[in-house]
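Before any comments, here is the structure.
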Amino acid sequence: MNTNSNTYTVIYSTVLVVIVAAVLAFAAMYLKPTQDANVKKDTISQILTAATVEASEDILATYRQDIEAAILIDIEGNKVGELSIEDCEVYDNSALKKQITAEPKALPVYIFKNGITVIPCYGAGLWGPIWGYIGFEKDLKTIKAVCFGHKGETPGLGAKISDEPSFAASFAGQQMGSGEILFEVTKPGNRQTENNGVDAISGATITCQALGKTLNQWFGFYQDYLAKNAETCCQTECCEDTCCTEKVESVNTVEE
Amino acid sequence: MGNIKETFLNPIFKGNPISVLVLGICSSLAVTVQLKGAIVMGLSVMIVTGLSSFVCSLLRNTIPNRIRIIVQLVVVALMVILVDQVLKAYAYSVSKTLSVYIGLIITNCIVMGRIEAYALGNKPFASLMDGLGNGLGYAMILVIVAFFRELLGSGTLFGFQVIPQAVYEFGYMNNGLMILPPMALILLGCIIWVQRSIQKDLQEK
């Protein structure tokens with residue numbers, strides 16, 4: 001047979017591509033549930049890192065045990081729903097992406113028993129999406145810990161936002177600002193606010209700028225919620241352990 | 001049968017794809033910070049080179065010559081995506097560390113090189129062995145480089161601390177340069193140096 005004729009070439013390539021596509025589609029469908037479970041566990045472990053909760057072997061059990069409440073809020077800071085703790089329901093990246101609108105309808109907030117409130121962020125990095133979880137102390141202003149992730153930032157440069165421990169550590173103790181600029185990730189010396197930012201990573205300018213922009217946007221989404229619940233805290237003059245539970249209750253009353 | 005054995009063993013030392021042919025350098029610099037990543041990467045490349053050589057060899061008499069390279073790429077891409085999907089399902093943390101490099105196996109010159117040079121002219125089983133052997137040769141260099149980089153750069157092996165605390169107290173420090181890609185290149189250079197001093201016939205005049 002003449003394997004170099006046009007007809008043969010066209011038929012051959014068509015058949016080959018169809019077979020390959022079928023194999024890939026089958027593999028993707030078959031492996032999807034396991035992959036999804038992994039992604040969920042990974043998301044939860046990032047949330048736990050931001051909440052400074054040490055994860056055990058069974059991440060889901062740790063989460064169930066240490067979480068106080070997982071709620072959904074709107075942009076004005078009112079509670080609009082709840083995430084099931086039993087099912088370890090969390091917002092994954094695709095769910096977070098849907099919230100990036102002028103007026104997000106349901107933003108997740110994870111409140112832990114140790115008093116740390118974790119909020120997510122999600123945005124565009126240099127090569128692909130970047131995301132992160134930010135844990136706030138009880139004053140809902142000071143950052144306790146963060147955990148960032150990315151899809152495809154340059155290893156050794158932009159990827160350092162997730163795998164360079166000193167970068168994540170530099171967030172601890174920084175505060176969310178008020179006004180135009182809520183948080184900055186810039187070169188040292190380029191900062192426009194005093195306390196509301198961290199140094200960018202050298203060699204990763206675009207990723208860091210994107211991270212700063214993302215943080216600003218998401219802090220903006222949560223600004224009202226954080227301000228509202230921190231206020232309740234100061235009014236009742238409790239900044240002890242009871243504070244957190246009262247905050248949760250106050251959120252509940254707003255809903256009613 | 002002796003030939004098959006030779007086909008499999010040759011790329012491990014005498015015809016090693018990295019240290020003799022100097023192919024596939026990019027990924028060997030990037031994934032050798034830790035042993036675990038290097039081993040998974042090595043295994044993945046082994047599977048991809050082995051299976052795609054096997055499949056291409058099966059198809060070798062039917063492939064239209066004009067779209068030869070495209071057909072090879074489709075087969076390699078299929079294997080790479082399958083490996084990537086399986087890792088995502090069953091070894092998620094490793095697949096996260098290796099991130100884009102699994103997908104980039106497709107651009108690894110070893111895979112295409114072996115298909116073009118060997119699989120298209122030889123029987124399927126021999127091609128499978130040739131692919132596996134080349135993958136193993138690649139994996140071996142990766143593991144050697146990763147061993148030194150993890151040991152000297154982080155003081156650990158497979159994530160376990162092996163350099164005792166007492167040594168640090170005497171003023172020993174981990175070598176930060178080992179964690180950065182340039183050091184992998186220097187180590188690779190050392191490996192090539194050692195191999196060429198053993199195998200005199202590789203030395204250029």
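Since every read-out is calculated from the coordinates, none of them should be taken as a lab result. Bear in mind that the values here come from a model prediction, so they are computed numbers and not experimental data. Don't worry about glycine lacking a Cβ; one is built from the backbone with ideal geometry, like all the others, and counts go over all protein chains shown.
I'd like to verify a number: residues in the stretch A:37-94 that are under 20 Å from residue A:114 (Cβ atoms) and among the polar types (S, T, N, Q), how many?
8
Considering only the stretch B:101-112, state which residues are within 18 Å of residue B:78 (Cβ to Cβ) and hydrophobic (A, V, I, L, M, F, W, C).
B:102, B:104, B:105, B:106, B:110, B:111, B:112
Could you say which residue among B:163, B:186, B:179, B:198 is closer than 21 Å to residue B:9 by Cβ and of a type in the set (A, V, I, L, M)?
The unique qualifying residue is B:198.
In the stretch A:95-116, which residues are without any contact (Cβ under 8 Å) to a residue 60 or more places away in the chain and under 16 Å from residue A:133 (Cβ atoms)?
Within the stretch A:95-116, A:95, A:96, A:97, A:108 meet the criteria.
Inside the stretch A:124-142, can you point out the residues that are assigned to a strand (DSSP E or B) and either under 14 Å from residue A:222 (Cβ atoms) or within 14 Å of another protein chain (Cβ to nearest Cβ) (or both)?
The first filter runs over the stretch A:124-142 and keeps only residues assigned to a strand (DSSP E or B), leaving A:124, A:129-136, A:142.
Within the stretch A:124-142, A:129, A:130, A:131, A:132, A:133, A:134, A:135, A:136 meet the criteria.
Report yes if some residue within the stretch A:70-80 is on the phi > 0 side of the Ramachandran plot, part of a loop (DSSP other than H, G, I, E, B) and in contact (Cβ under 8 Å) with a residue 24 or more places away in the chain; otherwise report no. Spell out the reasoning first.
Looking only at the stretch A:70-80, we keep the residues that are on the phi > 0 side of the Ramachandran plot, and these are A:77.
Applying the additional criterion that residues be part of a loop (DSSP other than H, G, I, E, B) yields A:77.
Keeping just the survivors that are in contact (Cβ under 8 Å) with a residue 24 or more places away in the chain gives A:77.
Yes, that holds for at least one residue.
Out of B:125, B:160, I need the residue that is closer than 18 Å to residue B:39 by Cβ and surrounded by fewer than 16 Cβ atoms within 10 Å (Cβ to Cβ). Which one?
None of the other options fit; the residue is B:160.
Every residue in the stretch A:1-41 that is more than 9 Å from chain B (Cβ to nearest Cβ) and outside any helix (DSSP H, G or I), please.
Residue satisfying the conditions is A:2 alone.
Residue by residue, here is whether (1) over 29 Å from residue B:76 (Cα atoms); (2) surrounded by 17 or more Cβ atoms within 10 Å (Cβ to Cβ); (3) out of contact with any Asp or Glu (no Cβ under 8 Å at 6 or more places or on another chain); (4) not small (Gly, Ala, Ser) holds:
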position: A:12; (1), (2), (3), (4): no, yes, yes, yes
position: A:30; (1), (2), (3), (4): no, no, yes, yes
position: A:33; (1), (2), (3), (4): no, no, yes, yes
position: A:51; (1), (2), (3), (4): yes, yes, no, no
position: A:57; (1), (2), (3), (4): yes, no, yes, yes
position: A:68; (1), (2), (3), (4): yes, yes, yes, yes
position: A:79; (1), (2), (3), (4): yes, yes, no, yes
position: A:93; (1), (2), (3), (4): yes, no, yes, yes
position: A:114; (1), (2), (3), (4): yes, no, no, yes
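What tally of residues in the stretch B:64-111 results from selecting those that are more than 7 Å from every other protein chain (Cβ to nearest Cβ), among the basic types (Lys, Arg) and farther than 23 Å from residue A:15 by Cβ?
Summing the residues that are more than 7 Å from every other protein chain (Cβ to nearest Cβ), among the basic types (Lys, Arg) and farther than 23 Å from residue A:15 by Cβ in the stretch B:64-111 gives 1.
Mind listing whichever residues of the stretch A:163-181 are within 14 Å of chain B (Cβ to nearest Cβ) and buried (at least 21 other Cβ atoms within 10 Å of the Cβ)?
none
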